[in-house]
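What follows is one structure encoded as structure tokens, with my remarks underneath.
The values are calculated or read from the model by the stated rules, or taken from the named source; none is laboratory data. The model shown is predicted, which means the values in this text are computed figures rather than measured ones. Neighbour counts are summed over all protein chains in view; Cβ atoms, including those assigned to glycine, are modelled from backbone coordinates with ideal geometry. The protein model used for the area step is the full one, side chains on, heavy atoms only, and it has no ligands, DNA or RNA in it. Shrake-Rupley method; radii C 1.70, N 1.55, O 1.52, S 1.80 Å.
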Amino acid sequence: MSQIFPRSANAIVRFSLVGVLLFGGLVASIIGMSMRSDYVTGANSNVDQPVQFSHLHHAGGMGIDCRYCHTSVEQAASANIPPTKTCMNCHSQIWAQSPYLEPVRASWKTGESLVWTRVHDLPDFVYFNHSIHVKKGMGCETCHGRIDKMPGIQQKSSLQMEWCLDCHRNPEKFVRPREAVFTMGYEPEGDQLEVGRKLVQEYKIQSLTTCSTCHR
């Protein structure tokens, strides 16, 4: 074969194989990064709603507790969307003629619910229960971010499985006292890991990572 291929052919083949492997690794890395990007996960982008609702104003400026609107968050799997009546408790008197609130007034008059766009929309094959996380000391801010600083409504976290597993494997990094679950801007009294380890024992938190925990 030496009469057909020069000696340099061996080196060319070796470099070609290395190049293919490097290119394959680069493509895999690009795909991995793209799957974690905000474009794919939907994180950090505002979601249009039928009403220009501002958590910055209501939760931040007015200091309204999360549970005033999301009444079932401590007892049910879902943190409910508030009915029109909850909005009208205030807005029948405050900003009662604002054009921005016309959809709310129309909903109140007709009895037809506002069609909100779901922000944190997990796949149907994923089971998530708000109440158990609240009872175990997981703050709203941990998953939803500083909602009190958001003028719009956005998904702050990726909601990917690796994000969930990070907390399930290391709950001490995130757990807080139950009385601080709804506190925005929470700061632990001391080292988070030290405080977290004590709370993990006190609240009997298990590091559940089996498939059946979330996929039922």
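For segment 1-131, the share of accessible area belonging to carbon and sulfur comes to 64 percent (1.4 Å probe, ligands and nucleic acids excluded).
GNM on the chain, alpha-carbon springs under 10 angstrom: the most fluctuating residue among L21, L165, L114 is L21. Ligands, DNA and RNA are left out, and with a 1.4 angstrom probe the accessible area of segment 11-163 is 66 Å² per residue. Ordered from highest to lowest accessible area with the whole protein assembly present and a 1.4 Å probe, E74, E102, E189 read as E189, E102, E74.
I need the semi-axes of the equivalent ellipsoid of the chain: take the C-alpha gyration tensor, multiply each eigenvalue by 5, square-root it, list largest first in whole angstrom.
Working: eigenvalues 439, 134, 48 Å².
So the equivalent ellipsoid measures 47, 26, 16 Å along its semi-axes.
Annotation: extensible slack from T71 through L193 equals 40.9 nm (criterion: 0.36 nm per residue apart, minus Cα-Cα distance).
Within the shell defined by Cβ-Cβ distances under 14 Å, the residues around V134 carry a net charge of +1, with Lys and Arg each +1 and Asp and Glu each -1. In the chain, the longest principal axis of the Cα atoms and the axis of helix 8-35 are about 0 degrees apart.
Each Cα pair under 8 Å and six or more residues apart adds its sequence gap; the mean of these over the residue count of the chain is a relative contact order of 24 percent. What lysines does K156 reach when the alpha-carbon gap must be under 19 Å and sequence neighbours fewer than 8 apart in one chain are set aside? Cross-link targets: K173.
Accessible surface ranking for L26, L208, 1.4 angstrom probe, highest first: L26, L208. Taking 18 Å as the cut-off, no amide N atom of segment 147-166 comes nearer than this to a point 7 Å along the Cα-to-beta-carbon line of S29.
Residues K173, K149, ordered by accessible area of protein heavy atoms at a 1.4 angstrom probe radius and largest first, appear as K149, K173. Over all other residues within a Cβ to Cβ distance under 9 Å of G60, the charged ones net out to +1, with Lys and Arg as +1 and Asp and Glu as -1.
Report the FRET efficiency, 1/(1 + (r/R0)^6), for E202 and R169, where r is their Cβ-Cβ distance and R0 is 22 Å, rounded to 0.05. Spell out each step's value before the answer.
Values: r = 19 Å, r/R0 = 0.87.
So, using R0 = 22 Å, E works out to roughly 0.70.
Can you check what the net charge comes to around K204, using other residues whose Cβ is under 15 Å from the Cβ of K204 (Lys, Arg +1; Asp, Glu -1)? Write down the numbers at each step before the final one.
Numbers: positive: K135, K136, R178, R197, K198; negative: E172, E202.
That sum, taken over residues with Cβ under 15 Å, equals +3.
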